[in-house]
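First the structure, in the form of structure tokens, and then the observations on it.
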Amino acid sequence: MAKHLDLEEQEQLDQLKHFWAKYGNLISWVLIVVFGSFAAYNGWNWWQRNQSAKAAVLYEEVDRAVQAKDLDRVGRVLSDMRADFGGTTFSAQAGLLAGKALFDGGQLDKAREALQAVLSDSKDDGLQAVARLRLASVELQAGQPDAALQVLQAKVPASFEPLMADRRGDVLLAQGKADEAKAQYEAAWKALDAGNELRRLVAVKLASLGVAVDTEVKP
């Protein structure tokens, strides 16, 4: 009986040796790939969290510089942030924040650069839409209405369409194209919710163009 078991075990051992000799390298490489992928995944997640944490620190620095109205520091920190963390959400949000501060401070060229960086670096449609609205204001203030309209032609999420229409109306009105501006304001007014404060502002703009929205434009 013992001899039978020994022979059976020896046969299984021989089969195992044969199997390992044939497939051992393949199995080893598969295990290396599996565990390597797991380690890489964990490493990637750690790197992403680390990048976000560092970007958050720089965003706070941009915010402090904006609050202090230190536009030179805003530009320097934003430049560093874009160089190291250009693809992060924090970088895009910092670009929007800086763009508004620079615009308010009369530094139109730097404001334009900050907002264009959001368009080129960010993949978030909502952040890009906000950047387009602000960039259009920069271009209009800079006396470039055609450039402003071009910025506003891009496809944006549906929730931003009324805002884009309103801003297009502002640009067209600045160009003296009252009828075209009126059409854009009407589109914005129709699309905005009744309780939206911007809707009231659009109604005032329409009224200045001779349109009584309560009777001529229906939501």
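The values are calculated or read from the model by the stated rules, or taken from the named source; none is laboratory data. Source: prediction; values computed, not measured. Here Cβ is always computed from backbone atoms with ideal geometry, including for glycine, and neighbour counts include all displayed protein chains. Quick note on the areas: whole protein, heavy atoms, side chains included, nothing else; ligands and nucleic acids left out. Shrake-Rupley method; radii C 1.70, N 1.55, O 1.52, S 1.80 Å.
Within the group 138, 118, which residue is at pLDDT 95 or above and among the hydrophobic types (A, V, I, L, M, F, W, C)?
Details: 118 fails: at pLDDT 95 or above.
Checking each option against the conditions leaves just 138.
Based on this model, can you work out whether residue 181 counts as touching a residue at least 24 places away in the same chain (Cβ under 8 Å) and among the small types (Gly, Ala, Ser)? Yes, satisfied. May I ask you to list the residues in the range 53-104 that are touching a helix residue (DSSP H, G or I) at 6+ places or on another chain (Cβ under 8 Å), open to solvent by 50 Å² or more (accessible area, probe 1.4 Å) and either farther than 25 Å from residue 136 by Cβ or among the β-branched types (Val, Ile, Thr) (or both)? Matches in the range 53-104: 54, 61, 73, 80, 84, 89. Scan the range 107-121 and tell me whether some residue there is farther than 24 Å from residue 55 by Cβ and either assigned to a helix (DSSP H, G or I) or among the hydrophobic types (A, V, I, L, M, F, W, C) (or both). The answer is yes, given that some residue of the range 107-121 is farther than 24 Å from residue 55 by Cβ and either assigned to a helix (DSSP H, G or I) or among the hydrophobic types (A, V, I, L, M, F, W, C) (or both).
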